[in-house]
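Every number here is computed from the coordinates shown, using simple stated rules; none is lab data. These numbers were taken from a predicted model, which means no experiment stands behind them. Cβ atoms come from the backbone with ideal geometry, glycine included; neighbour counts cover every protein chain shown.
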């Protein structure tokens, strides 16, 4: 048990966690985080720094758990009354969170070359923009009756 | 990748202008293309939300609990996918095969859910021809289902390759590229689940249209 | 906004067209100036002189250009420059404004091309390399900003134009005439909702009064366009559009469908007739005045019966009486329902209302003009074989009377002529408005049937919208338990929804407004059908 | 790639033929595929041109009954579809294929077999669309296919089904080719060739490819939706079932407007190569031309509703799209001014390619200016769906794209074949085309302003349109004559064979560094690139300082210049030398390794084509296509790139 806790909290670069980290040949070594070398800084580093190759299974399980929890949250929200106009934005936000989770970590975009992010993000941006405009104009664009 | 130079994480650096593998770049560009494909279908669904002239309407027919389970299944298949890739890169053939096979199984279970759902809807009187909800719903989820089916077949081949030892750390890229496709299919479903099921599940008849109760 | 004199646009157009061949001349000029004997190096291909036979080709430009220019005139029927209303005038004015800006840019750019090509052409024994400049950032910024300024100049009148023309009828233009315009494959229907008038293909509007149009379509997308009065707006199924226009000149103006709508798209035209206020009011009153009943043995009288037998299931010839407007609307809907439910074999189809056809000057959706002299012949040709005038017309395909081997009407020449005479006799009569329907005590069941029911019911066995009524008297008694034939028929007329025959749409309106006498007369008449 | 060393039982041996039909069917060589694209597209160009001439014959006089409305509708539908999808796009693709590897100093594209697959799918797709003529059921709903007129209710024949299926098959080909060129341009550049050193045509190809990859899926969606509407009775655009016809227009033009730039950007790239070469000056403002191209491509996504100004979207929407449409004229103007800047002060040789390119600027300017006129909704409400619009886009697509392509043909013909096209015939070709073109399309401007709608098969005598129409028809014949002269020129020049040498025009880019025609492996030695227009500066090193002395972002270069992202990417890389290919053992071609030929692209495309046929005939035909499809797919995936 204590061993497991050690694994969860201590990061020595080769542990079961095997959090994504900067390789020694990383041209831009990450700055020291103000929180220091705690487990939290590992997570922050994961989320804030790219340029590393891949993570370990523990990290993937954590992301998977995170995704499952959000899914549960979404389904739970479905049954909650009284969210009113907030329901759709909240759900869209949650699904965007899941989307980013899968793309960034499962698809390694967070750790991979920026070129892949550019390629994917540019099409996402164009797609989201044009289809949002389409929905918007169909919803609000109309001719006034005489 | 004879001239590949590896870093300490065994990530090959390709002998290309960008240092990136061409096939992987191709897959990412293709996913960008697929974004527009699904984007157009999802936009169509949203435009036609609540425009059905006759029932059954979403609030009569969508089954959130069941779909939540199938959504969870597909989400977990993504986890299995990424674990499979990890073990392939590690050279752990047994675990790799197991997790890739898990992807196949979970993908197949998802398809099973969809098949049952489609049959159930047809039984309750909703087909692509019934109303605009049926049209947009079936074609969008059906196209997604076709993507899943292709992914399942692809993964089955890779599971077999892994089993026979032909999928090794040095060609883990084959799996990684297939994995990108698989994860993409998963994120499309994340959007579909939110947009079609959670947000639209309470959609009823549009104002001014008389609701006919369907048995 | 520049002053948009009508001829202005014409000259603008002239200038535009005159300029465009210049660059051809310019480039040729250039070729001629070019010394052909010099080459840069042995690798370079020898440049040849302009071949002699091509030079006369330049001369071709002149007569053709003149011929083309001669073709351009604001007097043309659909010229967007010969405006007859403020909306079109503003649109033409904006076009002129943009045109002159464009012409200036055009002359600058094309002039620059010609100038550069001549000034910097390769000269003999000049082998020096030009300075290999990479560009100039200040110039780049300049020629980014200047076009933006020009476009802002264009955008300002554009935006004011959009909001002036597309944001509903302005309040200060006078009393508004409301018209519902409906595009059908391939003709236009016009409904004056306030006046309960329906007509087709010829839209009457009063001069100097705003007309508010609601544009609709049931089948495919059409576009309503009267170039001289206003720009076009599409008629889209499920999407009602609105536009307004004012005709400020009395006269007849051409309109045409501008959105590709199928095989007879080219033949989907209409007219807008701008009347003086008095003429317009007279026309409105006339549309509520029944035509005189022709004597039974006159051509028109015989034609009336032939029309009732062969044409009336799709064409309504008389919507002058009170209530007939509502009936025509439901009949038109019923025709559409009948056609769309069986496109291949339907015996009915949406068709133009022919009330007071004698006032019209065109047939076949504005494609064939006629005068008093040519009307009879034109109409006969049309009735005999519609596709000789308008290929693709639905009438010939669906009407039973054209169900012959060669597709021409199953009518003798006299019969065709009689129908034509009848149609041309349809003009406001001398009877006071609305007299026909109140036939009083001795109601004639047959006449009531002919004027009210034949749109949907034949007296034979053939299905139209509703069942054929031959032998209905025999069937009526046994349709519903507890109702004898009289009660059944009366019920059917008063509450049609109660007993819809299987396989027919429940579209029949209720007829209680005809009055008890008429209902009784109808029931009596129906019982005589065999 | 080193992949699974699976042994797969060979059904027949790998193609090895260097000549004959099998050498073409099995080819993966980008130059041969480019040639195939070019020839196929040119044949369709003739077909589409003849369709246009028939249209013009019908319209030459009022009340003409020459071909009648049904045939007319089929002809204008097929003319539009053919010219857009089967002519200009594949002609551009022919240039992409031929030039991109040569311009970036590569031995082939990134995915040679995928490249072959693109071509074969394109070929079969084009055959399926045109096969509709044989059944007498050619598409008749317009190239824009507006619902509900294109739906089964109002258009029950098979024609529009052929159209939808054909377009979807062509879409697959375009997307595959687009992806291939994106990866090729990003990944296969010669050492030292940063993104801001690639030739401008390569830049335009990259931008076009991105547009293709993002826009064609939207057409695929529109096609699938229309197809299910037509065949399976869904309600996407069926107004009777609650579908909205306006939605089709939105989806179609969401694709359709980027498509316009897909058609014109490659021609702009060609012109941007021709002008500097014949003015003997570098392209003026290279980065601005690139950025203008990128800006056009990006802004092109947000202007689609200007095709729908009269649909009744309301004043607010029309305002927004009027403004965005006008804005897109700005980067277009920047390009034109930069071309003029390129010519300014040059030493201009007016050879045929240059004549075409200068005419391109002149004609494209006219098209651009008339475009601004209907960017304004009030004037557009008079011009929409009239011949004014026809004139406008023919000035852009014929006066723009096609003249650019002809310029490219004359320019690179010596590179492709080793010999010149005859100059005299070339000038005759240019002159006839220019005269014919202007006489065809200039009158359409005032036909439109005189109220003549598009797509009408006839018009009344009293409309005053006869003279202009007759002129346009005669112009069409002259234009056709110009094309005929081109065909004669091709055969004549092939007979005479005036050899050109490697660098006949004193070119600037890498393709002129290799032999004419290039060897199978393109370059004996992969070039090392230091400069923009590297080949030019190798020939004229004394001009380097002129070009680079005051460019702020590039100090006087010493050694390989790497800009932007590449600096970072390349910093992590080992120094790359020699072959850009990473294939295994090398054999043949003097020790330079090339991908081996393969039949599977052809087989796979054939299977896919039969699937397409199944949608227009009978679902059971799917079973006939499946063996080919599966065979092609399996064979391909099991086949190593090289034996």
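Numbers for the structure displayed
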quantity	calculated
Packing-based exposure ordering (other Cβ within 10 Å, fewest first) of D:447, D:219	D:219, D:447
P(r), alpha carbons of region C:267-310 - 10 Å bins starting at zero, rounded %	22, 26, 34, 18
Two-decimal Rg to Rh for region C:143-284 - Kirkwood Rh, Cα set	1.05
Part-to-part distance (alpha-carbon centres) for region D:401-422 and region B:60-110, which is given in Å	54 Å
Calculated FRET value between residue D:492 and residue D:515, using beta carbons and R₀ = 25 Å, to 0.05	0.60
Beta bridges per DSSP with both ends in region C:175-424, % antiparallel, nearest 5	70 percent
Projected label distance in nm at residue D:16 and residue C:296, using a 7 Å step from Cα toward the beta-carbon	10.0 nm
Rg over Rh, two decimals, region C:297-404 (C-alpha only, Kirkwood Rh)	0.96
Average Cα contact separation per residue, region C:175-424, under 8 Å, 6 or more apart, as relative contact order %	19 percent
Coarse-grained scattering of region D:78-161 at q = 0.16, 0.21 Å⁻¹, given as base-10 log I(q)/I(0) from a Debye sum over alpha-carbon atoms	-0.72, -0.97
Kirkwood-based Rg to Rh ratio, chain D, C-alpha trace	0.96
Per-pair calculated FRET efficiency, R0 = 30 Å: residue D:618 and residue B:115 via Cβ, rounded to 0.05	0.75
Sites residue C:444 and residue C:276 - FRET efficiency at Förster radius 41 Å, r taken between beta-carbons, to 0.05	0.55
Where N is the number of residues in region C:175-424, Cα Rg divided by 2.2 N^0.38 Å	0.97
Interatomic Cα distance distribution for region D:241-295, bins of 10 angstrom, percent	20, 33, 21, 14, 9, 3, 0
Simple spin-label estimate for residue D:633 and residue C:501 in nanometres, 7 Å along Cα-Cβ	5.5 nm
Approximate spin-label separation residue D:545-residue A:66, in nm, with each point projected 7 Å along Cα-to-Cβ	5.7 nm
Global geometry of chain B, whether rounded, prolate or oblate, following the gyration tensor of its Cα atoms and the 1.5 cut on a/c	prolate
Shape of region D:596-643, Cα gyration tensor, a/c cut at 1.5	prolate
